[in-house]
1. Of the residues that sit in the stretch 39-90 and are hydroxyl-bearing (Ser, Thr, Tyr) and within 15 Å of the chain's Cα centre (by Cα), which one is farthest from ASN132 (Cα to Cα)?
2. From ALA116, ALA205, which residue is among the hydrophobic types (A, V, I, L, M, F, W, C), part of a loop (DSSP other than H, G, I, E, B) and closer than 24 Å to GLN86 by Cα?
3. Suppose the filter is of a type outside the set (S, T, N, Q), within 24 Å of TYR63 (Cβ to Cβ) and free of Cβ contacts under 8 Å to residues at least 60 places away in the same chain; does ALA165 pass it?
4. Output the residues belonging to the stretch 108-147 that are within 18 Å of GLU76 (Cβ to Cβ), in contact (Cβ under 8 Å) with a residue 60 or more places away in the chain and not aromatic (Phe, Trp, Tyr).
5. Based on what the data block shows, is LEU40 crowded, with 20+ Cβ neighbours inside 10 Å and not polar (S, T, N, Q)?
6. How do the pairs read when you match residues in the stretch 195-222 that are touching a residue at least 40 places away in the same chain (Cβ under 8 Å) with residues anywhere that are of a type in the set (Lys, Arg), using Cβ under 7 Å and keeping only pairs 6 or more apart or on different chains?
7. Consider VAL134 against the criteria (1) of a type in the set (A, V, I, L, M); (2) part of a strand (DSSP E or B); (3) open to solvent by 10 Å² or more (accessible area, probe 1.4 Å); (4) closer than 21 Å to LYS11 by Cβ: it satisfies all of them except one. Which criterion is unmet?
8. Any residue at all in the stretch 168-190 that is open to solvent by 60 Å² or more (accessible area, probe 1.4 Å) and touching a Gly at 6+ places or on another chain (Cβ under 7 Å)?
Amino acid sequence: MINHFFKLLHKPAAKQVFNPWVEVDKENDIDKTAPGKRVLNLKCYLEERINAEYLLLAEALGYQGGHFTGIPMTSERIILGHKTDQGIEPYHVCRSPLYRTSNTKKQKDGFNEPTATIVWGKLISEGLDTRNFVLWNAFPWHPYKKSKGLLSNRTPTNTEMMGGAQVLEALLQAFDFKRIIALGNKADGSLRTMGIKTEKVRHPAMGGAERFREQFLKIVKR
């Protein structure tokens, strides 16, 4: 099942969409080995969560997170140990060391994604088992703005969201999630279109951090 998931994940990206597990970001990657390292990061992350009960589903991969780590809602600063002052340790993501893939000349300590810090921080501060949660995106690749290049994000189109449904379905078949939590309307809409029962919380971005924390806690403590 998981092999089918990775096969779908590796399909060629569309225009203005970056596939971090296949493509090299020539301007920002450390070298041409970056895609393979991101695949290894994702495999390590998922293998440790094969019995996870929760799926946290956001909208799309971002350039400050999964674009370089290969793991949704997870920044390089987290996996490199630069968020320990906020209680987030690299082992919370994976027990084995994970690879950095961005060029050190771009960001000395790696890229930082605020949403990643908020979500991981909440899991850890509540004493939850981080391996009981899989973080993923309804659109699994990174959509960017043509005018601004790869270090930008954009909202995926409805057509693009439909294209990500096949990958999401393969993930759901590979795992036995007991509860699915959608972060925001786009993720919630994708799941409902697929006929999948979900519980929606506010996305942490754009001032939604506190609301996310409140709603998320109510669900996991229920």
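The values are calculated or read from the model by the stated rules, or taken from the named source; none is laboratory data. Note that the structure is predicted; figures quoted are calculated from it, not measured. Counting neighbours? That spans all protein chains shown, and the Cβs are built from the backbone with ideal geometry, glycine included. Note: accessible area is taken over every heavy atom of the protein model, side chains too, but ligands, DNA and RNA are not part of it. Shrake-Rupley method; radii C 1.70, N 1.55, O 1.52, S 1.80 Å.
1. Kept after step one, since they are hydroxyl-bearing (Ser, Thr, Tyr), are these residues of the stretch 39-90: 45, 54, 63, 69, 74-75, 84.
Next cut, within 15 Å of the chain's Cα centre (by Cα) only: 45, 54, 63, 69, 74-75.
Numbers: TYR45: 11, TYR54: 6, TYR63: 25, THR69: 20, THR74: 16, SER75: 19 Å.
Result: TYR63.
2. Details: ALA116 fails: part of a loop (DSSP other than H, G, I, E, B).
Checking each option against the conditions leaves just ALA205.
3. Numbers: of a type outside the set (S, T, N, Q): yes; within 24 Å of TYR63 (Cβ to Cβ): yes; free of Cβ contacts under 8 Å to residues at least 60 places away in the same chain: yes.
In short, yes.
4. If the condition is that a residue be within 18 Å of GLU76 (Cβ to Cβ), in contact (Cβ under 8 Å) with a residue 60 or more places away in the chain and not aromatic (Phe, Trp, Tyr), then PRO114, THR115, ILE118, VAL119, LEU135, ASN137, HIS142 are the ones that fit.
5. On the way: crowded, with 20+ Cβ neighbours inside 10 Å: no; not polar (S, T, N, Q): yes.
No.
6. Qualifying pairs under 7 Å: THR198/ARG192; PHE212/ARG202; ARG213/LYS122; PHE216/LYS122.
7. With respect to (1) of a type in the set (A, V, I, L, M); (2) part of a strand (DSSP E or B); (3) open to solvent by 10 Å² or more (accessible area, probe 1.4 Å); (4) closer than 21 Å to LYS11 by Cβ, VAL134 is out only on (3).
8. The answer is no; no qualifying residue exists.
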